[in-house]
Amino acid sequence: SYDDIEDPLPFDINAPVIQVKDEDYALFYRDVSEEPKKYDGKTVSFKGQVAMLRRDKNGMFAPGRFVMTCCVEDIQFAGLLTLCDADKMPENGKWYTMRLSVAYKWHKLYGRKGPVLTLQNIEPAEAPAQPVATFY
């Protein structure tokens, strides 16, 4: 049965830089999507794969991971809107370790307020041992 006990997050949300381990990306994505206000003004670091937005959006991309919530059939990309200088755009499909600032604000791609990240630092990275993130 359902309980009101809140499970602790596997990363420190009050750290100067929230370090999200590879195995914790799914939990981070769910939490920042469900409660973006608590990340407003925070800095986060994680490894993600870059996805370009559908239309050529210079200075915007979505780093993230493919996430499996239940079974192989439900795997989908879970990325977060990120702004960066046009000359610092990463390569589509490549893996990077990124440090990003998080703001809870309105953006036209959401049509409402949501988590909008801004790239602070980016370094090429190898794909993690388990490239598909899970909640297990």
* Residue in the range 90-110 that is modelled with the highest pLDDT, counting only those that are part of a loop (DSSP other than H, G, I, E, B) and open to solvent by 50 Å² or more (accessible area, probe 1.4 Å) -> Lys94
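State all residues of the range 40-61 that are in contact with a Leu (Cβ under 9 Å, 6 or more places away or on another chain) and either in a strand (DSSP E or B) or not basic (Lys, Arg) (or both); if no residue qualifies, say none. Break it down into steps so the answer makes sense when it comes.
Of the range 40-61, the ones in contact with a Leu (Cβ under 9 Å, 6 or more places away or on another chain) are 43-46, 48, 53, 57, 59-61.
Listed by number, the residues that qualify are Thr43, Val44, Ser45, Phe46, Gly48, Leu53, Gly59, Met60, Phe61.
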* Restricting attention to the range 11-21, does a residue exist that is out of contact with any helix residue (DSSP H, G or I) (no Cβ under 9 Å at 6 or more places or on another chain), of a type in the set (A, V, I, L, M) and at pLDDT 95 or above? -> yes
* To do: Answer yes if at least one residue in the range 62-69 is modelled with pLDDT under 95, over 24 Å from Lys37 (Cβ atoms) and assigned to a loop (DSSP other than H, G, I, E, B), and no otherwise.
  => no
* Does Ala62 satisfy being more than 22 Å from Tyr136 (Cβ to Cβ) and among the small types (Gly, Ala, Ser)? -> yes
* Asked: Which residues, counting only those in the range 21-46, are open to solvent by 40 Å² or more (accessible area, probe 1.4 Å), touching a residue at least 60 places away in the same chain (Cβ under 8 Å) and within 26 Å of Tyr136 (Cβ to Cβ)?
  -> Asp22, Glu23, Leu27, Tyr29, Arg30, Ser33, Lys42
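The values are calculated or read from the model by the stated rules, or taken from the named source; none is laboratory data. Worth saying up front: this structure is predicted, and the values here are computed from it rather than measured. All Cβ positions, glycine included, derive from the backbone under ideal geometry; neighbour counts span all protein chains shown. Protein only, heavy atoms only, side chains kept; ligands, DNA and RNA dropped before computing areas. Shrake-Rupley method; radii C 1.70, N 1.55, O 1.52, S 1.80 Å.
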